[in-house]
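Below is one structure, written out as C-alpha cells; the observations come after it.
Every read-out reported here was derived from the displayed coordinates using simple, explicitly stated rules and does not represent laboratory data. Predicted model, so just to flag it, every value in this text is computed and none were measured. For neighbour counting, all protein chains shown are included, and Cβ atoms are generated from backbone atoms with ideal geometry for every residue, glycine included.
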Amino acid sequence: MESNLQPPYYENYAYQPENLTAPRLVNGFYVGQQYASPYCPATVPRYVPRACTQPSAPAATRVHPISSPRKICTPRVRKSLCLSLSITILLAGAAIAGIIVWYFVTDSCFGSKIRCGTLAVCVSPSQWCDGVNDCPNGEDENRCVRLYGSRFLLEVYSSESKDWYPVCYDDWNDSYGRTACVDMGYNKDTYFKSTATQLTSPFTSFMRLNTSADGTDLYKKLYNSKQCSTGSVVSLQCIKCGLSSKNSNPRNRIVGGSAAALGEWPWQVSLYIQRIHLCGGSIITPEWIVTAAHCVEGSYSEPSHWSVYAGILLQQEMLRSKGHKVAKIISHPNYDSETKNNDVALMKLRSPLMFDDTIGPVCLPNPGMMFQPEQRCWISGWGAQRQGGNTSKELHAAKVYLIESSRCNSRYVYNGLILSTMICAGYLEGRVDSCQGDSGGPLVTEKHALWWLVGDTSWGTGCASVNKPGVYGNMTQFTDWIYRNMQANR
Ligand code: 4AZ
C-alpha cells in the first residue's frame with residue numbers, strides 16, 4: 001500500500017462541469033484543479049549518473065607525481081598537497097554518500113521516470129500501458145483503463161500520446177469488458193455489462209480493437225483511430241451498483257433525520273468492535289467496505305477485532321447475528337489524525353457479501369463527474385440523534401446539501417480547516433447533521449437514477465450546530481487510491 005500517485009492516474013474533483021469533450025489531461029496529467037502531489041514532479045532533477053566510485057585506498061598513496069623535482073616537492077609542499085587532496089576526496093565522498101542516501105530515502109525515479117509501485121525500480125512513461133510488463137510485478141500494465149463520467153465511458157491510456165481515449169464499440173465483447181474491470185481492481189465475478197454509447201460530443205481520437213492481432217492482451221490489440229465504424233463507444237459497468245430498492249423518504253426526522261426502510265440504503269454497514277457499534281461504512285464490492293481512517297486508528301487497526309453487519313436496520317438484530325469477519329484493514333497512508341486529512345480506509349471482508357434487495361454496493365464516483373455546488377445528498381447511520389447522545393437503535397437517514405468549500409472555509413464556519421480531501425454537507429442553520437457513531441458512513445447522491453458515494457462521514461464541531469456543518473472525506477479524491485488498493489490486495 002503506497003501513497004504516491006502513479007500515472008496514468010486520474011483524480012476527479014467535486015464541483016466541476018462534466019465535460020465529455022475536452023481532454024482532461026495534458027501530457028498524461030490532469031490539468032484541472034490540482035492538489036500537491038508527491039509524485040515525480042516535472043521539475044525533478046535529471047538523472048545523475050551514480051557510477052562515481054572513488055578509490056578506497058588512503059589518499060596519500062594515490063599521489064603519484066610524474067616527475068617531482070626535489071626543489072618543488074619539499075616536505076612542506078607535499079604535506080599541504082596531501083592535506084588539500086585528502087579534504088577534496090573526503091568532501092567528494094561525503095557528497096556521493098549524500099546523493100546515495102537521498103536516492104534511496106526520497107524518490108529514486110529521477111528525471112521523467114515512473115516508479116513501479118513501492119519498489120525502487122523505475123520505467124519511462126512510454127513503457128507504461130504498452131502491453132509489455134516492464135515492472136517486476138507488472139504495475140506498469142495495471143490501471144491502464146478508467147471509467148469516465150456518470151455514463152461510465154471506458155477510456156484507455158495511450159503510452160504513445162500520454163492521454164486517455166474512449167474505446168470503439170466495434171468488436172467489443174464481455175470478455176474484453178471483464179479484462180478491463182479486473183485491470184481496474186474489480187473481481188471478474190462482479191462484472192455487470194458493456195453497452196454501446198453514442199457520443200454526443202466530437203472526440204477526435206479513439207482506441208480501436210484489432211481482433212486479428214496475436215495474443216490475448218487487450219492493450220496489444222488496441223490502436224489509435226480517428227473514428228469508430230459503429231459510431232459508438234464502450235460504456236462499461238464493472239459492478240451493478242447504486243440501486244436502492246426503495247424511494248428515499250423525503251421526511252426529515254442521524255440528527256434531524258428519519259428512520260430508514262430496509263433496502264433504502266443497501267450499501268450502509270454497521271462496524272462493530274466487541275459487540276459495540278463504533279462506525280458506519282459503505283459497501284463498494286462484495287468484499288470491500290469504505291470507511292473513515294479515524295475509525296481504524298491505533299488499537300482499532302486489528303482486523304480480527306471487527307465485525308461488519310449488512311442488510312440490518314436494528315442494532316438489537318446485529319447483536320443476535322454473527323456478522324462478517326474482516327481480513328484486512330488499509331488506512332490511507334497520508335491520513336493525518338490532527339487535521340483529518342485523507343480520512344478514508346478500506347476493509348476487506350474474509351468472505352464476500354451476498355447481494356440482494358437489502359445488501360448492495362454504492363457506485364464510486366468516476367473521474368469527470370460533476371456534483372452541483374449545492375447538490376442534494378443523503379447521510380445515513382446509527383449515530384447519535386443529538387450532540388452527546390447514545391448511538392441510535394435503528395438506522396436513520398437525512399437529506400443534506402453540499403456546501404461549497406469556499407463557504408465552508410469562511411471565518412464564521414471552519415476558517416480554513418477544509419482541505420481538498422474534505423467536503424462539507426448539511427445546513428449552516430444547523431438542525432440536521434451526522435453525529436458521533438455516523439463516522440465512516442456514506443454521504444450519497446442520486447444522479448442518472450444511480451446512487452453515488454460522494455463522501456465518508458469524517459468530522460465536525462459538535463452536531464447540527466449553527467455554522468458547523470458535517471465534514472466528509474471527498475471521495476472523488478480517493479477513488480484512484482481505492483482502485484489501486486483493491487487491485488493490489490485481491
Ligand atoms: C463523530 O465523532 C462525528 N457533525 C461525526 C460527525 C460529525 C461530528 C462528529 C459531524 O463521529
Neighbour-count order for Asp343, Asp214, Asp456, fewest beta carbons within 10 angstrom listed first: Asp214, Asp456, Asp343
Cross-link partners of Lys226 among aspartates and glutamates (Cα-Cα below 18 Å; sequence separation of 8 or more within a chain): Glu155, Glu160, Asp163, Asp170, Asp171
Calculated FRET efficiency for the pair Ala94/Arg490, C-beta based, R₀ 60 Å, to 0.05: 0.85
Filter on Lys193/Lys220; Lys221/Lys328; Lys188/Lys221 - keep pairs with C-alpha separation over 32 Å: Lys221/Lys328
13 Å reach of a label modelled at Leu319, 7 Å along Cα-to-Cβ, counting backbone N of segment 422-437: none
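Mind running the shape call on segment 322-403? Use the C-alpha gyration tensor, a ≥ b ≥ c as the square roots of the eigenvalues: rounded below 1.5 for a/c, prolate if a/b tops b/c, oblate otherwise.
rounded
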Among beta bridges that DSSP assigns inside segment 114-217, antiparallel share in %, nearest 5: 90
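Computed FRET efficiency, Cβ-Cβ of Lys246 and Lys226, R0 41 Å: what is it to the nearest 0.05?
About 0.30, to the nearest 0.05.
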Proportion of all alpha-carbon pairs of segment 375-428 beyond 18 Å (%): 45
Under 25 Å from Lys322, Cα to Cα: lysines that are on another chain or at least 8 residues apart: Lys348, Lys393
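Above 26 Å lies some portion of the pair distances; for segment 179-315, what is it as a whole percent of all C-alpha pairs?
Working: 4594 of 9316 pairs.
For segment 179-315, the fraction of Cα-Cα distances above 26 Å is 49 percent.
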Cross-link reach list, lysines versus Lys79, counting only Cα pairs under 17 Å and skipping chain neighbours closer than eight places: Lys71
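Assign one of three labels to segment 168-214, namely rounded, prolate or oblate, based on the Cα gyration tensor with a ≥ b ≥ c the square roots of its eigenvalues; rounded applies when a/c is under 1.5, prolate when it is not and a/b is larger than b/c, and oblate otherwise. Write out the running numbers ahead of the final one.
Values: a/c = 2.13, a/b = 1.40, b/c = 1.52.
In terms of gyration-tensor shape, oblate.
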Rounded if a/c under 1.5, otherwise prolate or oblate - segment 186-249, Cα gyration tensor axes: oblate
Calculated FRET efficiency for the pair Glu297/Tyr412, C-beta based, R₀ 41 Å, to 0.05: 0.85
